[in-house]
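Novice: My questions will all concern the structure given below.
The values are calculated or read from the model by the stated rules, or taken from the named source; none is laboratory data. Not measured: the values here are computed from a predicted model. All accessible areas refer to the heavy atoms of the entire protein, side chains included, with ligands and DNA or RNA removed. Shrake-Rupley method; radii C 1.70, N 1.55, O 1.52, S 1.80 Å.
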Amino acid sequence: MKHLASTALSLALTAAPAAAHYGMIIPSDNMVSQEDGRSVDLTLSFSHPFEGRGMVLEMPAAFTVTHEGEETSLLDQLSETEVMGEPGYEMTYDLARPGTYVFAMTPEPYWEPEEDAFITHYTKTYVSTYGDDEGWDTELGLKTEIVPLSKPFALWSGNVFQGIVKLDGEAVPNAEVEVEYYDEEGDAEAPSDLMITQTIKADENGVFTYAVPTSGWWGFAALNTAEEPMRHEGEDKAHELGAVIWVHFEEWDD
Amino acid sequence: MRVPLALIAGLAVVPAAAHDLRVFAFVEGETVNVEAKFSTGRLPVRGEVRVLDASETLIETHEIDPDGVTSFPLVPGARDEGLMIEVEIGDDGHSDYWLLTPEDIARGQDGS
């Protein structure tokens, strides 16, 4: 009896969500050469990337591309799709010139009853085109943002990624950063829930460092709480502000 | 018609190194514009732009414009086959290319 009870408890706990929510922008390629073509496909979602569990992404409040200092809204070019079994968005973007294109999404605040809080993940990713990396360290001036210190593409697996966590344009000392792998093939295993989402802290200058163990897409989410709460059913609720950046690491092949 | 893949594959092995040259070309109406810069962002002060057709036959050459953009009229018939634009800087091996596909040319002429 004791054994059965503990098994049931174990199963119930196995089903509990362990990983973090992530706003996601995943391009079909983040280093587009002239031989690859002249466009990139983009997929937007709100998901648990390691576990492959989707969540509903409403039409974002903003979706932009920034290139050579010029920001353009792409909101009206998004079409509905399904990502990890839940609604998301997609589009194809024509890449007219060399350089770095920064795609950024500001979602509508997401009410998460389990956390009794709203969540807004300011999400971005960088795409280099035609062998030109100019603009790789672009800061968009988002409400909260990870500004890359490492080039956010052209990285080998095993390289470190460094960035500065900013909130309202200022570095956030000791900011907490969650790191999670996008398990596209569904074959990654974590020996502990603690290793699905790894948590690190920035230093006193808001700079964090993380070395990835394998190639693929990795999401970095710096989490802060907004000074202003949001109202839900007549009550003030906390508003989590996430600065999310998606970075691809290439497999070392010798 | 697309530029032969063999031509693309042959040129795609050009190594990219530190201070490498980066070349980009685009069409505006009946004009070809060729941009060349080093990975540092600096502009080459001298060099040669070579224009080849799809069968790798040299059509014409131009001295690079030190302002960073070299412009010349679109070669007649290029819209059907595309063009290969090669840029070589000095004698130290800095070179790169851009493949102007028929689609690139059509986009630049039509604004499509």
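Novice: Solvent-accessible area per residue for chain A at a 1.4 Å probe radius, Å²?
Specialist: Here the per-residue accessible area is 49 Å².
Novice: Let me ask something else. Of the accessible area of chain A, with the probe set at 1.4 angstrom, what percent is carbon plus sulfur?
Specialist: Carbon-and-sulfur percentage of accessible area, whole number: 47.
Novice: How much mean residue ellipticity at 222 nm does chain A get from its helices, if each DSSP H run of length 4 or more adds -39500 (n - 2.57) and you divide by all residues, to the nearest 500 deg cm²/dmol?
Specialist: Mean residue ellipticity at 222 nm (helix-derived): -1500 deg cm²/dmol.
Novice: Defining a contact as two alpha carbons under 8 Å apart and six or more residues distant in sequence, what relative contact order in percent does chain A show?
Specialist: It rounds to 19 percent for chain A.
Novice: Still on this structure, please answer the following. Nearest 100 Å², what total accessible surface is buried between chain B and chain A (probe 1.4 Å)?
Specialist: 1000
Novice: In what sequence, largest accessible area first, do A:Met59, B:Met84 appear using a 1.4 Å probe?
Specialist: A:Met59, B:Met84
Novice: Okay, next question. With a 1.4 Å probe and every protein chain left in place, tell me how much accessible area B:Arg107 has, in Å² to the nearest 10.
Specialist: The accessible area of B:Arg107 comes to roughly 100 Å².
Novice: Next up: Lysine pairs in chain A with Cα distance under 14 Å, only those 8 or more apart or on different chains: how many are there?
Specialist: Lysine pairs, 8 or more places apart or on different chains, close enough: 5.
Novice: A follow-up question, please. Using just the C-alpha positions of the stretch A:82-213 as equal point scatterers, what log10 of I(q)/I(0) does the Debye formula give at each q in 0.09, 0.14, 0.21, 0.22 1/Å?
Specialist: -0.33, -0.84, -1.59, -1.58
Novice: Could you work out how far the C-alpha centroid of the stretch A:103-170 sits from that of the stretch B:20-76, in angstrom?
Specialist: So the separation of the two Cα centres works out to 35 Å.
Novice: To test your reading of the geometry: what angle, between 0 and 90 degrees and rounded to tens, separates the Cα axis of helix A:2-14 from the longest principal axis of chain A?
Specialist: 20
Novice: Once phi is turned into ³J(HN,Hα) by the Karplus curve 6.51 cos²θ - 1.76 cosθ + 1.60 with θ = phi - 60°, what whole-Hz value does each residue of the stretch A:90-101 show in order, with x for glycine and proline?
Specialist: Once rounded to whole Hz, the list reads 8, 6, 10, 10, 7, 9, 7, 9, x, x, 10, 9.
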